[in-house]
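These notes concern the structure reproduced below.
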Amino acid sequence: MSGYLASLEAESIEIIREAIALAHKPVMMYSIGKDSSVMLHLARKAFWPAVPPFPLLHIDTTWKFREMIAFRNRIAAESGMKLLVHTNHQRIAEGVSPFTYDSERYTTMMKTEALKQALDAGGFDLILGGARRDEEKSRAKERIFSFRSAGHRWDPKLQRPELWNLYNARIHPGESIRVFPLSNWTEADIWQYIADENIPIVRLYFAAPRPVVRRSGQWIMVDDDRFPLNPGEVPETRVVRFRTLGCYPLTAAVESAATTIAEIVQETQAARTSERQGRLIDHDQAASMEKKKQEGYF
Amino acid sequence: MKDTLRFITCGSVDDGKSTLIGRLLWESKQVFEDHLSALQKDSMRYGTQGEAVDLALLVDGLQAEREQSITIDVAYRFFATPRRRFVVADTPGHEQYTRNMATGASTSELAVLVVNASKGLQTQTHRHARIVALLGIRHLIMAVNKMDLVDWNEAIFAQIVQEFQPLVSKLGFESFQPIPVSALVGDNITAHSSAVPWYAGPALLGFLEEIDVTPRANDLRFRMAVQFVNRPTHDFRGYCGRIASGEVKVGDRLRVVPGGMETKVRSIVAWQTELPAAAVGDSITLCLENEVDISRGSILACASDPSELSDQFEARVLCLSEHPLVAGRSYLMNLHTCQAVATITSIKHQVDVKTGTHLAARSLNMNDIGVVNLSTDRPVPFETYDRCRRLGSFILVDRLTNNTVGAGMIDFALRRAANIHWQAVDINKSVRARQKLQKPMCLWFTGLSASGKSTIANHLEKRMFAAGRHTYMLDGDNVRHGLNRDLGFSEADRVENIRRVTEVARLLVDAGLVVIVSFISPYRAERELARSRFEPGEFIEVFVDTPLEECERRDPKGLYAKARRGELVNFTGIDSDYEPPESPEIHLETVTQSIEQCVDHILFALEQGNAK
């Protein structure tokens, strides 16, 4: 492993250990994506030979790619950690889906609202998440230990100064701390590390022939028969892969021939668009990530 | 192999720091097409550059920042060239956000101090230079920006550099490189600009790629603060941490601080393997030969040259809070992985950030830097900041709000602690208490002026005296005529006032007495500090709860009327805060209870033994 990846790894392990030493009831978000895979790997390294002393939490909207769910169950079993899965069943019963609501309201109900329900039910005071500062510019302003007031709200003006490697995790009841061990990693670092450490990832990141349709200038994969096709529309098969993974109707594929990590690394380094470009939910409105974060989104 | 340079951009507001970073990201091809289209949209809406794209909007990530065209919080940006990887902390220029600038500086190895050529050196230029030096940054680039606005006038550039030069050696920078640039246009950023034939030095990006910031050889031996004790099974016990200095090998002899026990490294555990050795910066797990008492906050150090231990320090402190740091107040201190209670025992001086001169100060306000003496509630292991940033830096946390209110760097340990020992005596508190047939305690009355504290306390003492108790009353006004004659009513003086009274009350309780303290004592922090000086159950907080309107109506000494007329300043309830107790042992409501009922209430609660 190159020197700078080794130092990123050492820093992340330090952050994870610090978080667990300071928390009463910690939990790690597990979204099945490449960043979660790296974070989980780092947690297992941090506590080896012990199993990491906290559960994994997945917010399942029921609209994830099928491959993601199979992968999640396999990895959780291998890690020996407890996997908690939460779905906002009330909203499902009300008929909420990516096709019945716009992406902003859908995300609020199925992800943000569901996350808050799961955190409140579990009584978690510290939540590890895989967000990185290079993803988006309001995230570039995020602390490593990010303070959330009661109701899980993020107020950029209430964030505590964070100097050196000294983190303040003290809170009153109802408040919580979100910790981002991958803050200083870039997308290219994540891929290089996955390659160096041989970390398993979902096959959706690799190019393969997949059934897709064109929506708003982007390729959307038809992962199951819940996808409402237009009259006479037939999905076409294209060689595509995903740079980021979320709910399949809201995650655009890119045309690519990259079938190995090395090819992905190469493609990432030459990329002219950011990875979140395929996330339809980020483009809802100006400063939409900042707004979602304030409401409690990761 | 590529390495990483962590640097900070700083300087006064409007000198173009965010534009400079936007330019660096742009030139190093870090701006993606979708970011660019968002930038074009944002530029039309918030931009300050007319029709052209406003590169500053690439980094000002918060809505409030884009609307006001200023940077509020520190942002971390990443870019790379074929030679080096960069992490840049983009920090605010406004004085009110100086603390965010210090946050960015604490993890940087180099500072790019931006100066606006058309305005010259500002107070913030000096302030930021001093703060980056204070935080141990040894390499400084001065980017004299907006040179296009002064027609690339060589004399203007030379004058700014000359004016700043004396500060370079005074603040101890090892390297100083002034560069004339235009971040807006891109001159002297990646390549030497033809607009500046008189400048023969490097372009900014080229210089950042080249400069060697490796610290001077540091001879500090192995040290690691223990973060976490890993005990999954009975036969495995590993000490986790990140190495702060030196290196460690299997078989090395280590000493545990505090404790002083010696042990040996049995193995260095890493993921699914063991390592023969590890060095500074590595996150590791150590297994040791013998079972010794080691917990989070201990330092494992080279046995022949271990870390020091002290409970008295001199330190440089930066105030990060709107609430001032005052002498006499205690805070939670996070020093590496160790947590202690630290009290600022005195503020030696405040540093004038513009001139560097020392100013007398009783408190440090937000963004002030001062040199203070600190005492901790127990000896803690440490290194001085100059020797090891990681083991010599600390933060101060407010005990009630949990906010991070100060950041500090240990300069040295004061030797006093080691030399003054508590004198053990044979006739002690419990012996004296038995002789008086009573349980010594401190009844602490708190409430607004004219709430009825002294009146109730006086009646209570008479009743207790009549019942054969040995009592003593300390009244706020009376003590201010003698012991505390030198103190006024500023926050710093109020804190000292309470500290002295607490110590006197403690001596009297030690003498076996029931001490009745009647003080406004408006701040929770001081009442909690007072409580912490007594044994559990010895401190009874009595809240004399009378609404402000009622106190003002009574006003027996005419003080409220004076305060309302502006003739008295810092008067509690009028222009100074009163923080009511959250869970006092005894809560009296004088609007519904008479004086005798209040006294009965107290005596009954004391008899019950549970004073709730």
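The values are calculated or read from the model by the stated rules, or taken from the named source; none is laboratory data. Since the structure is predicted, the reported quantities are computational estimates derived from the model, not experimental observations. Cβ atoms come from the backbone with ideal geometry, glycine included; neighbour counts cover every protein chain shown.
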* Structure fact -> The one condition B:N402 fails out of (1) more than 11 Å from every other protein chain (Cβ to nearest Cβ); (2) at pLDDT 90 or above; (3) assigned to a loop (DSSP other than H, G, I, E, B) is (1)
* Evaluation of B:V280 against (1) away from chain A (no Cβ under 14 Å); (2) under 30 Å from B:R415 (Cα atoms) (one fails), failing number -> (1)
* Asked: Taking the range A:217-263, which residues are at pLDDT below 90 and β-branched (V, I, T)?
  -> A:T244
* Asked: Can A:A286 be described as within 13 Å of chain B (Cβ to nearest Cβ) and modelled with pLDDT of 90 or more?
  -> no
* Top-ranked residue in the range B:459-473 [being in a loop (DSSP other than H, G, I, E, B) and of a type outside the set (A, V, I, L, M); ranked as modelled with the highest pLDDT] -> B:H470
* Asked: Which residue, of B:R494, B:R500, B:R480, is basic (K, R) and modelled with pLDDT of 90 or more?
  -> B:R500
* Could you give me the residue pairs with C-beta distances under 9 Å whose first residue belongs to the range A:1-30 and is at the interface with chain B (Cβ under 7 Å from one of its Cβ atoms), whose second residue is modelled with pLDDT under 95 and assigned to a helix (DSSP H, G or I) wherever it lies, and which are 6+ apart or on separate chains? => A:S2/A:Q192; A:S2/A:D196; A:Y4/A:D189
* Those residues of the range A:144-157 which are touching a helix residue (DSSP H, G or I) at 6+ places or on another chain (Cβ under 9 Å), more than 9 Å from chain B (Cβ to nearest Cβ) and outside any strand (DSSP E or B), in sequence order -> A:I144, A:G151, A:H152, A:W154, A:D155
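Answer yes or no: is there a residue in the range A:127-140 that is on the phi > 0 side of the Ramachandran plot, in contact (Cβ under 8 Å) with a residue 12 or more places away in the chain and more than 14 Å from every other protein chain (Cβ to nearest Cβ).
To start, the set of residues in the range A:127-140 that are on the phi > 0 side of the Ramachandran plot comprises none.
There is no residue in the range A:127-140 that is on the phi > 0 side of the Ramachandran plot, in contact (Cβ under 8 Å) with a residue 12 or more places away in the chain and more than 14 Å from every other protein chain (Cβ to nearest Cβ).
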* Structure fact -> Heads up, the strands (runs of 3 or more DSSP E) in the range B:301-376 (entirely inside) with at least 2 residues that are under 21 Å from B:R494 (Cα atoms) are B:330-335, B:338-351
* Structure fact -> For the range B:579-597 the number of residues that are closer than 30 Å to B:E491 by Cα and touching a helix residue (DSSP H, G or I) at 6+ places or on another chain (Cβ under 8 Å) is 8
* **Selection status of B:S298, in contact (Cβ under 8 Å) with a residue 40 or more places away in the chain, buried (at least 20 other Cβ atoms within 10 Å of the Cβ) and within 14 Å of chain A (Cβ to nearest Cβ)** => yes
* Is there any pair linking a residue in the range B:1-14 that is within 14 Å of chain A (Cβ to nearest Cβ) to one that is modelled with pLDDT under 85 and surrounded by fewer than 17 Cβ atoms within 10 Å (Cβ to Cβ), with Cβ under 6 Å and at least six apart or on different chains, and which? -> B:M1/A:S2; B:M1/A:G3
* To do: Could you tell me which residue of the range B:194-235 is farthest from the other protein chains (Cβ to nearest Cβ), considering only residues that are within 30 Å of A:V51 (Cα to Cα) and of a type in the set (F, W, Y)?
  => B:F222
* To do: Consider A:I75 carefully, then state whether it is out of contact with any helix residue (DSSP H, G or I) (no Cβ under 8 Å at 6 or more places or on another chain) and farther than 12 Å from A:M28 by Cβ.
  => no
* the range B:116-151, subset among the hydroxyl-bearing types (S, T, Y) and in contact (Cβ under 8 Å) with a residue 40 or more places away in the chain, residue surrounded by the fewest Cβ atoms within 10 Å (Cβ to Cβ) -> B:T123
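Considering only residues that are closer than 23 Å to B:F394 by Cβ and either more than 14 Å from every other protein chain (Cβ to nearest Cβ) or modelled with pLDDT under 95 (or both), which ones fall in the range B:283-294? Even if it seems obvious, please write down each step before you answer.
First, pick out the residues of the range B:283-294 that are closer than 23 Å to B:F394 by Cβ: B:283, B:294.
Of everything in the range B:283-294, just one residue is closer than 23 Å to B:F394 by Cβ and either more than 14 Å from every other protein chain (Cβ to nearest Cβ) or modelled with pLDDT under 95 (or both), namely B:I294.
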* To do: Those residues that are free of Cβ contacts under 8 Å to residues at least 24 places away in the same chain and farther than 19 Å from A:S2 by Cα, I need them from the range A:171-214; list them, please.
  => A:H172, A:P173, A:V213, A:R214
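Say we look at the range B:236-254 and pick out the residues that are in a strand (DSSP E or B) and among the charged types (D, E, K, R); which of these is nearest to the other protein chains (Cβ to nearest Cβ)?
B:R242
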* **Single unsatisfied condition, B:D352 versus (1) farther than 23 Å from A:N168 by Cβ; (2) at pLDDT 95 or above** => (2)
* Asked: How many residues, within the range B:303-359, are among the hydrophobic types (A, V, I, L, M, F, W, C) and within 14 Å of chain A (Cβ to nearest Cβ)?
  -> 13
* Asked: Out of all the residues in the range B:418-434, is one or more touching a Ser or Thr at 6+ places or on another chain (Cβ under 8 Å), outside the structural domain of B:V341 (by TED's automatic domain parsing), of a type outside the set (K, R) and outside any helix (DSSP H, G or I)?
  -> no
* Structure fact -> By residue number, the members of the range B:557-573 that are surrounded by 19 or more Cβ atoms within 10 Å (Cβ to Cβ), of a type in the set (A, V, I, L, M) and more than 16 Å from B:G488 (Cβ to Cβ) are none
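Output the helices (runs of 4 or more DSSP H) that fall wholly within the range A:59-125 and possess 2 or more residues being closer than 24 Å to A:F242 by Cα, or say none.
Numbers: elements: A:66-79, A:89-93, A:103-107, A:114-122.
Fully inside the range A:59-125 and qualifying: A:66-79, A:103-107.
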* To do: Within the range A:99-115, identify whether any single residue is polar (S, T, N, Q), within 14 Å of chain B (Cβ to nearest Cβ) and crowded, with 22+ Cβ neighbours inside 10 Å, and answer yes or no.
  => no
* **Checking B:G488 against (1) at pLDDT 90 or above; (2) in a loop (DSSP other than H, G, I, E, B), the condition it does not meet** => (1)
* Condition broken by B:W444, with the remaining ones in (1) part of a strand (DSSP E or B); (2) in the same structural domain as B:T471 (by TED's automatic domain parsing); (3) more than 25 Å from B:G488 (Cα to Cα) satisfied -> (3)
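Which of the residues belonging to the range A:198-244 are assigned to a helix (DSSP H, G or I) and either in contact with a Phe, Trp or Tyr (Cβ under 7 Å, 6 or more places away or on another chain) or surrounded by 20 or more Cβ atoms within 10 Å (Cβ to Cβ) (or both)?
Step one: filter the range A:198-244 for residues assigned to a helix (DSSP H, G or I), giving A:203-205.
Answer for the range A:198-244, where residues must be assigned to a helix (DSSP H, G or I) and either in contact with a Phe, Trp or Tyr (Cβ under 7 Å, 6 or more places away or on another chain) or surrounded by 20 or more Cβ atoms within 10 Å (Cβ to Cβ) (or both): A:L204, A:Y205.
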